[in-house]
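Only one structure is covered here, and it is reproduced in the block below.
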Amino acid sequence: MKHIIYRVDDRFIHGQVLEGWVNYLKITNVIIVNDVIAGDNVRASIYGSTLPANSKFSVYSIHDFCFKKPYLKNKKKYMLVIVGSIDDLFKIEETFSNNIYFNIGCMTDASHDVCINDSVFLSLNDFHKLQNLSELYDIYFHKVPWEKPVIFSNHNRKI
């Protein structure tokens, strides 16, 4: 697995993220990229307080994340970057590279048209965005790292 994990999760930090990603992969650097949370110190503090004591936790607005590029400082340890929606993922598209593991973890709006698994429900628009992204990158749908993922991949892509 690549060391920089971009996870889409509309619940941001919760049990699966803590036990399944942070503890299991020994992730010490967690970043939330979200305009609302970046503007809400109380909410950001609550999310940060759930992480292990040795964790580095940051919250960035979409603009600041793209401008400050904190993901470039990651060399060998795992880094988890969490966004709350497919739209937010595409707002940071300029940060995408081949060093990123794309994980779609929880999108819980069951009213959406496309069900990928028991925790990912997508609108048709989001599905098509990911379909386009899969022309460049593999996208993995799973809640935790040890769970067998559904892989969205275009194996005919040109490298």
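The values are calculated or read from the model by the stated rules, or taken from the named source; none is laboratory data. Because the structure is a prediction, the values reported are computed rather than measured. We place every Cβ from the backbone using ideal geometry, glycine too, and count neighbours over all the protein chains shown.
Quick notes
- Test: Ile13 is aliphatic (A, V, I, L, M), part of a loop (DSSP other than H, G, I, E, B) and under 23 Å from Ile139 (Cβ atoms): yes
- Considered as a group, the residues in the range 99-139 that are in contact (Cβ under 8 Å) with a residue 60 or more places away in the chain and in a loop (DSSP other than H, G, I, E, B) include one that is nearest to Phe152 (Cα to Cα), and that residue is Asn99.
Every residue, every condition in (1) farther than 17 Å from Trp146 by Cα; (2) acidic (Asp, Glu), yes or no:
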residue: Ile13; (1), (2): yes, no
residue: Val17; (1), (2): no, no
residue: Thr28; (1), (2): yes, no
residue: Pro52; (1), (2): yes, no
residue: Asp64; (1), (2): yes, yes
residue: Lys77; (1), (2): yes, no
residue: Phe90; (1), (2): yes, no
residue: Ile104; (1), (2): no, no
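- Summed over the range 16-31, residues that are surrounded by 14 or more Cβ atoms within 10 Å (Cβ to Cβ) and assigned to a helix (DSSP H, G or I) total 6.
- When restricted to residues that are of a type in the set (Lys, Arg) and closer than 17 Å to Phe102 by Cα, the range 44-87 contains 1.
- The range 54-90 - residue that is touching a strand residue (DSSP E or B) at 6+ places or on another chain (Cβ under 8 Å), in a helix (DSSP H, G or I) and more than 22 Å from Tyr24 (Cβ to Cβ) and, of those, modelled with the lowest pLDDT: Pro70
- Residue in the range 32-45 that is polar (S, T, N, Q) and in a helix (DSSP H, G or I) present: yes
- Residue check, Asn103 polar (S, T, N, Q) and crowded, with 18+ Cβ neighbours inside 10 Å: yes
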